[in-house]
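Working notes for the structure below.
The values are calculated or read from the model by the stated rules, or taken from the named source; none is laboratory data. What you see is a predicted model, and the numbers here were worked out from it, not measured in a lab. Neighbour counts are summed over all protein chains in view; Cβ atoms, including those assigned to glycine, are modelled from backbone coordinates with ideal geometry.
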Amino acid sequence: MISFQAHETAVIDDGCIIGAGTRIWHFSHIMEGAVIGRDCNIGQNVVVSPGVTLGRNVKVQNNVSIYSGVVCEDDVFLGPSCVFTNILNPRSAISRKERYLKTIVKRGASIGANATIVCGHTIGEYAMIGAGAVVTKDVPAYALVIGNPARQDGWVSEYGHLLKFDGRGIACCPESGDVYLFKDGMVRKTECGGI
């Protein structure tokens, strides 16, 4: 029994796994060996290549290319037309499929429209990649990165708000009220008593 929904123009290859409650829209292609978790939304004209893993509740907007070697954990957002690479030195005449580099997008991270994620890097939990950014190195958890090449331009909360740290390294999300601590060049969410 099929427990996901797919538009009639979507191509779903045999040998892929798609979780219950997932929706796949117009002209998207889910290739053999792809694994898509529960409650995902795959926009129109999306390619999910063999070996890609998407966790639960991943939102993939229109025209996104997710190539082999990419792992997105739960609650990841992939903005319109963003793209992942999987090899650093591609050549049409040379097959390098056995050398694909792994890219990991950690839980809750968001990647903006038209961003490019160069392979072999990890995007930390709840990081935010700005529209059009070109990511060429690892991105820390809660970091906001923008530009080409992408550079850090602050820290964000799990709700996506810019964090403003006081002299003690403490910031509060204006929407959720969650408290964050900046220490040793890293940010983590904390309980008030844990400061």
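Results, tabulated for the structure shown:
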read-out: Some residue of the stretch 172-180 being in contact with a Lys or Arg (Cβ under 6 Å, 6 or more places away or on another chain) and not aromatic (Phe, Trp, Tyr); value: yes
read-out: Only one of 116, 136, 122 that is assigned by TED's automatic domain parsing to the domain that holds residue 48 and in contact (Cβ under 8 Å) with a residue 24 or more places away in the chain; value: 116
read-out: Elements of type strands (runs of 3 or more DSSP E) in the stretch 87-195, at least 2 residues being under 24 Å from residue 56 (Cα atoms), acidic (Asp, Glu) and touching an Asp or Glu at 6+ places or on another chain (Cβ under 7 Å); value: none
read-out: Options 169, 112, 154, 120; residue that is under 19 Å from residue 80 (Cα atoms) and in contact with a strand residue (DSSP E or B) (Cβ under 8 Å, 6 or more places away or on another chain); value: 112
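To keep it simple, each residue is scored yes or no on (1) closer than 24 Å to residue 132 by Cα; (2) charged (D, E, K, R); (3) exposed (fewer than 15 other Cβ atoms within 10 Å of the Cβ).
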residue	(1), (2), (3)
4	no, no, no
9	no, no, yes
32	no, yes, yes
48	yes, no, no
67	yes, no, no
84	yes, no, no
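Conditions (1) under 24 Å from residue 157 (Cα atoms); (2) in contact with a Ser or Thr (Cβ under 6 Å, 6 or more places away or on another chain), marked per residue:
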{"position": "82", "(1), (2)": "yes, no"}
{"position": "87", "(1), (2)": "no, no"}
{"position": "92", "(1), (2)": "no, no"}
{"position": "100", "(1), (2)": "no, yes"}
{"position": "108", "(1), (2)": "yes, no"}
{"position": "119", "(1), (2)": "no, yes"}
{"position": "124", "(1), (2)": "yes, no"}
{"position": "128", "(1), (2)": "yes, yes"}
{"position": "135", "(1), (2)": "yes, no"}
